[in-house]
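Novice: First, the structure itself, so that you have it in front of you.
Every read-out reported here was derived from the displayed coordinates using simple, explicitly stated rules and does not represent laboratory data. Not measured: the values here are computed from a predicted model. So basically every Cβ, Gly included, is an ideal-geometry build from the backbone, and we count neighbours across all protein chains shown.
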């Protein structure tokens, strides 16, 4: 997965009340638990600033799925659960889809 951490994603400048470092730590802990099936990298900008805090998930053999406004623990928890168990997207996570991006649901 790619986590945007550029000019407006993942910064206290735009979202001072969200713990961006904790979010990244939780995702990295998930990657550690996954035994190598999940990797986390950061990008400076994914060019969808209107939807920041952006996370893109690319599973092997599947198109990337783009999520925006990942700014609540409930959304992050659903993302973690979905990455660990697979299956359909949880309803809350569906609300965070960035539609119209390459690979995302349209």
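Novice: Find the eigenvalues of the gyration tensor of the Cα atoms of the chain, then list the square roots of 5 times those eigenvalues as equivalent ellipsoid semi-axes, largest first, in whole angstrom. Walk me through the numbers before you get to the answer.
Specialist: Numbers: eigenvalues 74, 53, 35 Å².
Largest first, the chain gives 19, 16, 13 Å.
Novice: Taking the Cα-to-Cβ direction at residue 91 and at residue 32 and moving 7 Å from each Cα, how far apart do the two end points lie in nm?
Specialist: 3.4
Novice: In nm, give the distance between the simple-model label positions of residue 14 and residue 49, each being 7 Å from the Cα along the Cα-to-Cβ direction.
Specialist: 0.8
Novice: Take every Cα pair under 8 Å in the chain that's 6+ residues apart, average their separations, divide by the length, and report that relative contact order as a whole percent. If you can, show how the numbers build up before the last one.
Specialist: On the way: 148 pairs, mean separation 28.3, N = 106.
Dividing the mean separation by the residue count of the chain yields 27 percent.
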